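Student: Quick one: the structure is below, questions incoming.
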Amino acid sequence: MSDANLADVQADRSKMQISDTDVAIEITGMNKWYGDFHVLRDINLKVMRGERIVICGPSGSGKSTMIRCINRLEEHQKGQIVVDGIELTSDLKKIDEIRREVGMCFQHFNLFPHLTILENCTLAPIWVRKMPKKQAEEIAMHYLERVKIPEQANKYPGQLSGGQQQRVAIARSLCMNPKVMLFDEPTSALDPEMIKEVLDVMIGLAEEGMTMLCVTHEMGFARKVANRVIFMDQGQIVEQNEPEPFFTNPQHERTQLFLSQILNH
Amino acid sequence: MSENNFAFVSTSEKPQLPPPQGTTGAIGWVRENLFSSPLNTILTLLSIFAVYSTVPGVVNWAFVDSVWNANSLDECRALTENGACWAVIRERYHQFLFGFYPSELYWRPILAFVLLFLALVPALWDGMPKRGTALMASMAYPFVAFWLIWGGFGLEPVSSTKLGGLLLTMIIGVSGISFSLPIGIVLALSRSSNLPIVKSLAVIFIEFIRGVPLITLLFVAHVLLNYFLPKGVNFDIVLRVVIMVTFFASAYMAEVIRGGLAALPKGQYEAADALGLSYWQSMRLIILPQALKISIPGIVNTFIGLFKDTTLVLIIGLMDPLGLVAPTLADQRWNGIFVELYAFIAFMFFIFCFAMSRYSMYLERKLHTGHR
């Protein structure tokens, strides 16, 4: 669907190194309920360092909920999540430790509207990493340059376009130097002409070897960047495979239905 | 022609033209805002008539025909039939300002009043150089003011029963305002928290205080507290009233701020969490600055309400400005002079409430950063 957007950006897969031994995230037997509703059913997922995983599925299938469990924005009730060797329990210290290492971008950006772009980026390094302000600003400017909006540093989020805001949100996460990045439908709230600028930044990140979990419907992005595509439906992982076989030869009936619906319109 | 209209395409670059005459500038404004429709025209004319028929009368009464020099109401009335008799204010203004505070010690409350503004500067002006140090100095203000007004430690002590007038209003109002905001914030955060005990305590406090009239609380402060406290322990009556007024305002404040907290999108909390900020960090840096900004109109509303509610203390016998009307009327010479006294008191309150209102509008404009 967005192949046109990505036509001129070919991700260089040879640069992307995936570790064979280094596990970034390991989820075993995770279950979650909202009241009586069983929203995540026996999720098992192992993510190696450097992997780029795209998660897709119909709305309400639990894909956002799953990645939000990884940094404890949602609490799982059964099973085990280990992030970077730390097991996620209700221990606040462990939660904070994991959140320091896991960056997240949201569908609606969630920039802090009362702070400038630069302050948005330096806030967490200064208060969480206890970094001197000057150093935090240097790092922030470095990442703002990487997402190509250093000139907006002193503006407020409300003065930026959606695509620019999402790029700031990515830069804000990167300032914490995370080991894993979670993306929760980062382009769903954007106008078509802004999707590309955000995807470009994400492709750049992937090329640098960032471990990424990305909930998205950008199948072009999945095809070019992901090394694994996961299809979820009704709270379960129904199918996972490398992008080429996933798109050309889906095994499961529901995957076929889903793909036919999103690709042929 | 009609064919052209069907599939209209601009064939040449259209220049930018000025707007039609009479739609901009003063004439445009008047036309658009005052005479845009028949109903609007009628309302405009009626308003002009209402202003014309009331304002000159009030101005005449208050300024043109008013009397400033007289020794009694009868003397006033002899000089003018329809003018205000401000002579009573001229004679007794010090009482309305200070109550029965010893006149040779007036410099102490005046100094406290001036220091109040100095102490407020760092709190209200965020661009102030060395603001941190200045704020620390401001923290000492309540103790300095207490010492200046009540005396002790080298100053001649003044009893609470002598306090009155605007001085009393300011003591209760300023302490109520400055303590009710932090207490209200803590209550609002407690009520929105996930900890069941903290939450229920906040709910009980807020619902109890909000469910009881302020006058009841003042009576409790006046009469009942003495029964509850051990013999010999005696809180000052003004202190008791300040505590009750503060509690009362904090309960309202808490609900106003909780409204601001609820108005913030959930994403703000999530983004703060995802970055690894602790609860207190995210409250202080992300949530409260935005929630308080949203709540400014409600907060100032509560402040103004509190400031005016201080007049209720006259019911338990404290001499706030309204409480001083009765002793003035008891004076043979001024018997029967109501309007002037109440007008003067209203004027004093208006100055302070209007100033608060303007400051809040300034603050709202300043904190507006272009987002929804």
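The values are calculated or read from the model by the stated rules, or taken from the named source; none is laboratory data. Computed from a predicted model, the values in this text were never measured in an experiment. Here the Cβ positions follow ideal geometry from the backbone for every residue, glycine too, while neighbour counts run over all protein chains shown. These accessible areas exclude ligands, DNA and RNA; they are computed on the full protein's heavy atoms, side chains included. Shrake-Rupley method; radii C 1.70, N 1.55, O 1.52, S 1.80 Å.
Student: Just how many pairs of Lys in segment A:131-265 have C-alpha atoms closer than 26 Å, counting pairs that are eight or more places apart or on different chains?
Tutor: Value for segment A:131-265: 13.
Student: To the nearest 0.05, how large is the calculated FRET efficiency for residue A:17 and residue A:159 if R₀ is 45 Å and r is the Cβ-Cβ distance?
Tutor: With R0 = 45 Å, the Cβ-Cβ based efficiency is 0.70.
Student: How fast does the protein assembly as shown diffuse by Stokes-Einstein, in µm²/s, taking the Kirkwood radius from C-alpha pairs at 4 °C and 1.567 mPa s?
Tutor: 42
Student: Sticking with this one: Quick check on the protein assembly as shown: helices-only [θ] at 222 nm, where DSSP H runs of length 4 and up contribute -39,500 (n - 2.57) each and the sum goes over total residues. Nearest 500, please.
Tutor: Counting only the DSSP helices, I get -16500 deg cm²/dmol.
Student: Report the extension gain between residue B:194 and residue B:365 in nm, rounded to one decimal, defined as 0.36 nm multiplied by the number of residues separating them, less their alpha carbon distance.
Tutor: Additional length available on full extension: 58.2 nm.
Student: Next up: Ratio of segment B:25-64's C-alpha Rg to 2.2 N^0.38 Å, to two decimals?
Tutor: 1.55
Student: Would you please report the Å³ per residue occupied by the convex hull of the alpha carbon atoms in segment A:117-265?
Tutor: Hull volume over Cα atoms, normalised by residue count, gives 126 Å³.
Student: Okay, next question. Return, for the Cα atoms of segment B:283-372, the radius of gyration and Dmax in Å, separated by a comma.
Tutor: Rg and Dmax of segment B:283-372, Cα atoms, are 19.1, 62 Å.
Student: With only alpha-carbon atoms in the gyration tensor, what are the semi-axes of the equivalent ellipsoid for segment B:172-307, in Å, largest first?
Tutor: 32, 16, 12
Student: Once the piece of chain linking residue B:104 and residue B:74 is laid out straight, how much longer is it, given 0.36 nm per residue of separation minus the C-alpha distance between them?
Tutor: In short, 7.7 nm is gained.
Student: Anything losing 40 Å² or more of accessible area from the isolated chain to the full protein assembly: pick those residues out of segment A:77-114, probe 1.4 Å, ligands and DNA/RNA ignored.
Tutor: The answer is A:99, A:110, A:112, A:113, A:114 - residues whose exposure falls by at least 40 Å² when every protein chain is included.
Student: Name the long-range amide H neighbours of residue B:99: under 5 Å, sequence gap of 5 or more, or other chain; modelled H, no Pro or chain starts.
Tutor: For residue B:99, whose amide H was placed from the backbone, the distant partners under 5 Å are B:164, B:165, B:166, B:167.
Student: At 7 Å along the Cα-to-beta-carbon direction for both residue B:343 and residue A:31, put a label point, then send me their distance in nm to one decimal.
Tutor: In this crude label model, residue B:343 to residue A:31 measures out at 7.9 nm.
Student: Would you compute, for the Cα atoms of segment A:31-166, the largest minus smallest coordinate along each principal axis and list the three values in descending order, in whole Å?
Tutor: 47, 32, 30
Student: Evaluate the Debye formula for segment A:144-209 with equal point scatterers sitting on the alpha carbons, no solvent, and hand back log10 of I(q)/I(0) at q = 0.17 Å⁻¹, in q order, two decimals.
Tutor: Relative scattering, expressed as log10 I(q)/I(0), comes to -0.58.
Student: Please report the equivalent ellipsoid semi-axes of segment B:11-93, computed as sqrt(5 x eigenvalue) of the Cα gyration tensor, largest first, in whole Å.
Tutor: 54, 15, 8
Student: May I ask you to evaluate 6.51 cos²θ - 1.76 cosθ + 1.60, the Karplus curve with θ = phi - 60°, for each residue of segment A:64-79 and list the ³J(HN,Hα) values in order in whole Hz, giving x for glycine and proline?
Tutor: 3J(HN,Hα) across segment A:64-79, in whole Hz: 5, 4, 5, 6, 6, 6, 5, 10, 6, 6, 10, 9, 8, 9, 9, x.
Student: Right, something else. Need the full-extension length gain, residue B:301 to residue B:357, defined as separation in residues times 0.36 nm minus the C-alpha distance. One decimal, nm.
Tutor: Extra length available between residue B:301 and residue B:357 comes to 19.3 nm.
Student: OK, next. In nanometres, what is the gap between the two model label sites at residue B:331 and residue A:130, each 7 Å from Cα along Cα-to-Cβ?
Tutor: Modelled inter-label distance: 6.6 nm.
Student: Okay, moving on. For segment B:219-266, divide the Cα radius of gyration by the Kirkwood radius and give the resulting Rg/Rh value with two decimals.
Tutor: In segment B:219-266, Rg relative to Rh is 1.27.
Student: Counting pairs of Cα atoms in chain A, how many percent are more than 25 Å apart?
Tutor: 44
Student: Compute the distance from the alpha-carbon center of segment B:30-108 to that of segment A:139-168, in whole Å.
Tutor: 56
Student: What do you get when you divide the Cα radius of gyration of segment B:48-142 by 2.2 N^0.38 Å, with N the number of residues?
Tutor: 1.73
Student: Also: Using only alpha-carbon positions, what ratio does the radius of gyration of segment B:90-182 give when scaled by 2.2 N^0.38 Å?
Tutor: Relative to the 2.2 N^0.38 Å estimate, segment B:90-182 comes out at 1.18.
Student: Once label points are set 7 Å from the Cα along Cα→Cβ at both residue B:93 and residue B:11, what is their separation, rounded to one decimal in nm?
Tutor: About 7.9 nm separates the two model spin labels.
Student: I need the calculated FRET efficiency for the pair residue B:215 and residue A:96, taking r as the beta carbon distance and R₀ as 60 Å, to the nearest 0.05.
Tutor: My answer for the efficiency is 0.80.
Student: Next up: Run a plain Debye calculation on chain B (Cα atoms as equal point scatterers, no solvent) and give log10 I(q)/I(0) at q = 0.08, 0.10, 0.11, 0.13 Å⁻¹, rounded to two decimals, same order as the q list.
Tutor: Results for chain B at q = 0.08, 0.10, 0.11, 0.13 Å⁻¹ read -0.62, -0.88, -1.01, -1.22.
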